[in-house]
Amino acid sequence: ADIAPPRNSALDVSYVGSKVCAACHRKLYDEYIRTPMGRSLVSLPAGKEAGAPPTSARVGGARPDRFYQVERRDGALYQDEIVVDAQGQELHRRSYKLEYVLGSVNGAGYLVKRGDFLVEAPLSYYSRNRTWELSPGYEQNDTGFNRPIEAGCIFCHSGRPQPVANRPGLFQARPFLEESIGCENCHGPGQLHAAGRGK
């Protein structure tokens with residue numbers, strides 16, 4: 001016999017968001033949001049910084065003429081890209097505000113907004129060593145603040161992202177309808193369940 005697909009897999013069934021789920025499943029929701037998945041992506045500065053030190057740090061890039069610096073200014077966290085000449089004199093500096101922190105167990109990566117584009121910051125904070133180091137892959141391919149956040153990757157690390165199709169790194173003006181991984185990432189759209197149980 002054929003098995004019918006789940007009712008919530010139909011294209012016209014909507015997502016409702018984890019807050020709607022929490023109305024009936026409060027205890028489960030409150031426990032979940034304290035887990036690493038429940039804190040997988042948060043805005044800065046309102047969110048946590050995964051133990052990142054408030055003091056500045058300076059890390060050499062993959063190229064000998066490039067450095068990155070982390071610094072707290074005006075209540076926000078920034079990373080600067082610094083290019084120097086052969087004598088170590090600064091030729092160029094550009095500063096980027098860190099908008100989101102991604103991850104929570106082994107460390108944290110950071111996302112920067114460039115217009116409606118989201119890019120990965122070159123430095124990540126590694127909890128085990130309690131240090132800022134180059135983000136994964138930057139040791140070989142140091143692209144500065146030009147590595148786009150791909151839709152296929154962010155879907156696994158966030159709740160309800162809104163990427164623009166076929167435009168790597170480009171997102172809607174509101175990039176996330178829900179930041180951290182939420183109930184519907186695993187359970188699927190909750191419209192039918194919420195409506196049925198709500199009666």
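The values are calculated or read from the model by the stated rules, or taken from the named source; none is laboratory data. Model, not experiment: these values are computed from the prediction. Every residue, glycine among them, receives a Cβ derived from its backbone with ideal geometry; neighbour counts consider all protein chains shown. Ligands, DNA and RNA are stripped out before the accessible areas are found, and what is left, the full protein with its side chains, is counted by its heavy atoms. Shrake-Rupley method; radii C 1.70, N 1.55, O 1.52, S 1.80 Å.
Summary table below
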quantity	calculated
Cα principal axis extents for the stretch 81-199, largest first, Å	72, 33, 22
Carbon + sulfur, % of accessible area of the stretch 55-147 - ligands and nucleic acids excluded, 1.4 Å	44 percent
From the coordinates shown, Cα Rg over 2.2 N^0.38 Å corresponds to which of (i) 1.21; (ii) 1.97; (iii) 1.41	(i)
Two-site FRET efficiency, Ala23 against Arg94, from Cβ-Cβ distance with R₀ of 41 Å, rounded to 0.05	0.35
Theoretical ellipticity at 222 nm over the chain - DSSP helices of four or more residues, -39500 (n - 2.57) apiece, nearest 500	-4000 deg cm²/dmol
FRET efficiency for Ala62 and Lys113, using Cβ-Cβ distance with R0 set to 22 Å, rounded to 0.05	0.40
Per residue solvent-accessible surface (Å²) - the chain, probe of 1.4 Å	58 Å²
Distance in nm between pseudo-label sites at Ala165 and Arg73 (7 Å out along the Cβ direction from Cα)	4.0 nm
For the chain, Cys with no neighbouring Cys Cβ under 4.7 Å	Cys24, Cys153, Cys156, Cys186
Nearest-0.05 FRET efficiency for Arg130 and Ala86, computed from C-beta distance (R0 35 Å)	0.60
For Gly61, residues with placed amide H under 5 Å, excluding near neighbours	Arg66, Phe67, Tyr68
Kirkwood hydrodynamic radius of the stretch 10-49, from inverse mean 1/r over distinct Cα pairs, in Å	11.9 Å
